[in-house]
Amino acid sequence: MSDHSPLYIQNSLTREKELFTPLNAPYVGMYVCGPTVYSNVHLGNVRTFLTFDIVYRYLSFLGYQVRYVRNITDVGHLTGDSDDGEDKIGKKARLENLEPMEIVQKYTNDFHDVMRIFNIKSPSIEPSATGHIVEQIEMVKQIITRGYGYESNGSVYFNVRKFNEDFPYGQLSGRKIDDLLSNTRVLDGQDEKNDPLDFALWKKADASHLMKWPSPWSEGFPGWHLECSVMSTKYLGNSFDIHGGGMDLKFPHHECEIAQNAGATGECNSVGYWMHGNMLTVNGRKMAKSEGNGFTPDELITGNHKLLERGYTAMTVRFFMLQGHYASTLDFSNDALQAAEKGLGRLIKAVQALKDLAATASEHNPDANIDELAKRCETAMGDDFNTPILISVLFDAVKLINNIHDGRVAISANQKDALQNLVHGYFFEVLGLQLEDDASGDSTDEAESLLDLLVQLRSDAKSNQDWTTADSIRQALSDLGVTIKDGKDGSTWNRD
RNA sequence: GGUCCGAUGGCCGAGUGGCUAGGCUCAGCUCUGCAAAAGCUGCUACAGCGGUUCGAAUCCGCUUCGGACCUCCA
């Protein structure tokens, strides 16, 4: 790690870009809030997991041993903040006529499928909330013991005001307790709370509630924020390096998480670096299920959505997302996607050309400054994972590759190796891009031989100046989605 | 209403005081029977108005517009 450029991370807690120094190098602990598995994930969700996939990949690339924990929220949390709200998984179970845990399994599977097609790596540990009910009850007890929690009618709430006397509440989200109070809406079922600012640690379940567990206070279920407090510290320790999640989780979720951990242990700031990924927008608005503007990956690939002109591959979308910085909002549009598709295509061609590059120079050619390219790549990623800049450097590498390929620049064998290592390292390992979709692997050797034959026939026709035959073959293949490319050294074909 | 963030060329999207991304589009060129593809080259923008400064897209103020959070949310 020491021979790499420094890594700076924008810390949401301090609002500063800080030098990354792990608590116990070379080990790094990272926790990311995962999905609530009561429906299909959409591309907005994918963006966040992609963001932390890059963090995970780059830290690994630098040589850190990362323990990456990403949870599955499978407890049915309420649809609203009121006691009469139905829990989401229970509601979905009724709608689909399934057991709640069938819902959980179904959408967990869907989530995993989606992660796979976007080439997002699996975490080291993927704990689920229902698997940690015991630990959650224990943490509630600790919080009560320290005086920051109280029972009310079978439910347990966190005493925010009391906590705020001993610790700064609202630091992460930049909220002041008095401002919060004046803006708190009056909601149903809050009479159990001593204060509207308080949030639930444990909720008593009513008779119709499907997912519930015994506890010292009632048959019920844990509050939403509790699971992450418990699972992060269980697997990473009371203090760990990075905690990530979507911007929309900053408040109240992460704020409450911080309060719970401090309230349970008596120690504040257990997380070194808080990172928040920004939202994916559609026509300038946040992609959300409630807005009806959320694409599922399936709709994206098939193009079967009213806002999509056609389908795009998962890699196109991955590349598109990485062309924006994770901390900025990114707007999803057909034009932007088409631009990304073409750009990625050019990048892929250069990566493919790389292996056939000739190393014709007997000695080092200073015109091909690969060390400088490598330096720029590291600086880009070291500056808060700036993938857009990294990609721009890779396009400079593309230009170099093409120049070498076309014989305008000659490089030595050592330079060729360096260039290959550089491009492969950043393209495949850091950015996690793939050459083509696995889904398109339906072509057979036979079909390819037939295409080669047709192209050969056309070349023969061309040499006989039989333009009619040549053009009709070209047109016929074009209609089938195969493009013929005439080059200096003969013709080749490509599927669209 | 409160808190915070943003406005960059035809489009997308980096960049936080002087050097200035990158992709797509477009134009020119190379190649070519023609075309396509590919490659090369070119295209100097920072919402408006004021201020600070030798110098501002970048800092400060105001205005306009947009968004996020404040409730489940990636």
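Data for the structure
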quantity: Criterion: open to solvent by less than 20 Å² (accessible area, probe 1.4 Å) and under 20 Å from residue A:286 (Cβ atoms) - qualifying residue of A:100, A:35; calculated: A:35
quantity: Which numbered condition residue A:250 misses (of (1) among the basic types (Lys, Arg); (2) near RNA strand B (Cβ under 9 Å from one of its atoms); (3) not in a helix (DSSP H, G or I)); calculated: (3)
quantity: Test: residue A:374 is of a type in the set (A, V, I, L, M), free of Cβ contacts under 8 Å to residues at least 60 places away in the same chain and either open to solvent by less than 10 Å² (accessible area, probe 1.4 Å) or in a loop (DSSP other than H, G, I, E, B) (or both); calculated: no
quantity: Set A:29, A:44: member being more than 10 Å from RNA strand B (Cβ to nearest atom) and either outside the structural domain of residue A:92 (by TED's automatic domain parsing) or not hydrophobic (A, V, I, L, M, F, W, C) (or both); calculated: A:29
quantity: In segment A:251-277, residue most open to solvent (accessible area, probe 1.4 Å) [restricted to those that are small (Gly, Ala, Ser) and within 21 Å of the chain's Cα centre (by Cα)]; calculated: A:272
quantity: Residue in segment A:385-402 that is surrounded by the fewest Cβ atoms within 10 Å (Cβ to Cβ), counting only those that are under 20 Å from residue A:321 (Cα atoms) and more than 7 Å from RNA strand B (Cβ to nearest atom); calculated: A:393
quantity: Filter pass, residue A:343 being assigned to a loop (DSSP other than H, G, I, E, B), open to solvent by 10 Å² or more (accessible area, probe 1.4 Å), of a type in the set (Gly, Ala, Ser) and within 13 Å of RNA strand B (Cβ to nearest atom); calculated: no
quantity: Residue that is crowded, with 22+ Cβ neighbours inside 10 Å and within 11 Å of RNA strand B (Cβ to nearest atom), where the choices are A:280, A:300; calculated: A:280
quantity: Condition broken by residue A:458, with the remaining ones in (1) more than 8 Å from RNA strand B (Cβ to nearest atom); (2) in contact (Cβ under 8 Å) with a residue 12 or more places away in the chain; (3) of a type outside the set (S, T, N, Q) satisfied; calculated: (1)
quantity: Given (1) closer than 21 Å to residue A:410 by Cα; (2) in contact (Cβ under 8 Å) with a residue 12 or more places away in the chain; (3) surrounded by fewer than 20 Cβ atoms within 10 Å (Cβ to Cβ), number of the condition residue A:369 does not satisfy; calculated: (2)
quantity: Segment A:275-296, subset hydrophobic (A, V, I, L, M, F, W, C) and modelled with pLDDT under 90, residue nearest to residue A:20 (Cα to Cα); calculated: A:288
quantity: Segment A:108-124, subset outside any helix (DSSP H, G or I) and polar (S, T, N, Q), residue most open to solvent (accessible area, probe 1.4 Å); calculated: A:122
quantity: Residue list for segment A:281-299, restricted to those being among the polar types (S, T, N, Q) and in contact (Cβ under 8 Å) with a residue 40 or more places away in the chain; calculated: A:281, A:283, A:296
quantity: Meets criteria (farther than 30 Å from residue A:159 by Cα, surrounded by 17 or more Cβ atoms within 10 Å (Cβ to Cβ) and within 13 Å of RNA strand B (Cβ to nearest atom)) for residue A:329; calculated: no
quantity: Boolean, residue A:113 is at pLDDT below 95, not basic (Lys, Arg) and not assigned by TED's automatic domain parsing to the domain that holds residue A:312; calculated: no
quantity: Selection count where residues are surrounded by fewer than 12 Cβ atoms within 10 Å (Cβ to Cβ) and more than 46 Å from the chain's Cα centre (by Cα), scope segment A:461-489; calculated: 5
quantity: Qualifying residue in segment A:74-91 (condition: without any contact (Cβ under 8 Å) to a residue 60 or more places away in the chain, part of a loop (DSSP other than H, G, I, E, B), more than 10 Å from RNA strand B (Cβ to nearest atom) and in the same structural domain as residue A:245 (by TED's automatic domain parsing)); calculated: yes
quantity: Any chance residue A:61 is among the aromatic types (Phe, Trp, Tyr) and open to solvent by less than 10 Å² (accessible area, probe 1.4 Å); calculated: no
quantity: Qualifying residue in segment A:50-57 (condition: under 24 Å from residue A:375 (Cα atoms), of a type in the set (Lys, Arg) and more than 16 Å from RNA strand B (Cβ to nearest atom)); calculated: yes
quantity: Matching helices (runs of 4 or more DSSP H) fully within segment A:125-240 where at least 1 residues are surrounded by fewer than 18 Cβ atoms within 10 Å (Cβ to Cβ) and away from RNA strand B (no atom under 14 Å from the Cβ); calculated: A:133-145, A:160-166, A:226-236
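The values are calculated or read from the model by the stated rules, or taken from the named source; none is laboratory data. Treat the numbers as computed from the prediction; the structure is a model and nothing was measured. Cβ sites come from the backbone with ideal geometry, for glycine too, and all protein chains shown count toward neighbours. All accessible areas refer to the heavy atoms of the entire protein, side chains included, with ligands and DNA or RNA removed. Shrake-Rupley method; radii C 1.70, N 1.55, O 1.52, S 1.80 Å.
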